[in-house]
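K.L.:
What follows is a single structure, and I will ask about it in a moment.
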Amino acid sequence: MKRTLIVLCFAALLGLSFSCGKDDIEKGIDCIAESIYEKVVHTTDATNPKKINFSVEYTGTKTLKSVKWTFGDGTPAVEGQSVSHTYSAAGTYSVKADITVEEGKGTCTSSPVKSVTVN
């Protein structure tokens with residue numbers, strides 16, 4: 001797995017070097033590095049087991065600009081650093097958070113996906 005990750009990172013950097021200028025490459029590396037400082041967390045509501053509270057913890061040096069949540073159940077996406085969502089049925093859902101950080105005029109978006117089981 002570690003070897004695969006190294007190969008994928010090398011391929012991404014190689015692709016950036018052939019398709020982008022130096023500034024674009026540095027932004028790409030910054031974008032990849034910023035995702036290390038992003039953590040998606042969730043907790044189940046104490047009174048309703050189908051209600052899940054989601055949040056993004058960001059500890060990087062840039063500014064957290066926005067978070068757009070997709071809950072994996074077909075409902076419309078919502079925005080906010082901390083949100084709650086009530087599922088209509090028990091099951092396992094893939095929740096995606098489009099996390100955008102900015103520095104100056106530049107932005108970077110990463111989209112981690114988290115599996116959430118609702119009882």
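The values are calculated or read from the model by the stated rules, or taken from the named source; none is laboratory data. If you're wondering where the values come from, they're calculated on a predicted model, not measured in any experiment. Note that we place each Cβ from the backbone using ideal geometry, even for glycine, and neighbour counts take in every protein chain shown.
K.L.:
May I ask you to verify whether THR109 is surrounded by 15 or more Cβ atoms within 10 Å (Cβ to Cβ) and modelled with pLDDT under 95?
P.N.:
yes
Yes/no matrix, rows are residues, columns are (1) surrounded by fewer than 16 Cβ atoms within 10 Å (Cβ to Cβ); (2) at pLDDT 95 or above:
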position	(1), (2)
GLY72	no, yes
GLY80	yes, yes
VAL83	no, yes
TYR87	no, yes
ALA90	yes, yes
SER94	yes, yes
VAL101	no, no
LYS105	yes, no
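K.L.:
Look at segment 69-105 and say how many of its residues are over 13 Å from the mean Cα position of the chain (by Cα), among the basic types (Lys, Arg) and not in a loop (DSSP other than H, G, I, E, B).
P.N.:
Going through segment 69-105 one residue at a time, the tally reaches 0.
K.L.:
Same structure, new question: Would you please name the residue that is modelled with the lowest pLDDT, looking only at residues in segment 24-51 that are part of a helix (DSSP H, G or I) and small (Gly, Ala, Ser)?
P.N.:
This residue is GLY28.
K.L.:
How many residues does segment 110-119 contain that are touching a residue at least 60 places away in the same chain (Cβ under 8 Å) and either assigned to a strand (DSSP E or B) or more than 8 Å from the chain's Cα centre (by Cα) (or both)?
P.N.:
Matching residues across segment 110-119 total 5.
K.L.:
Report, ordered by the first and then the second residue, all pairs with beta carbons closer than 9 Å, sequence separation of six or more or different chains, a first member in segment 70-98 that is under 12 Å from ILE52 (Cβ atoms), and a second member that is in a loop (DSSP other than H, G, I, E, B) and aliphatic (A, V, I, L, M).
P.N.:
What qualifies is PHE71/ALA77; ASP73/ALA89.
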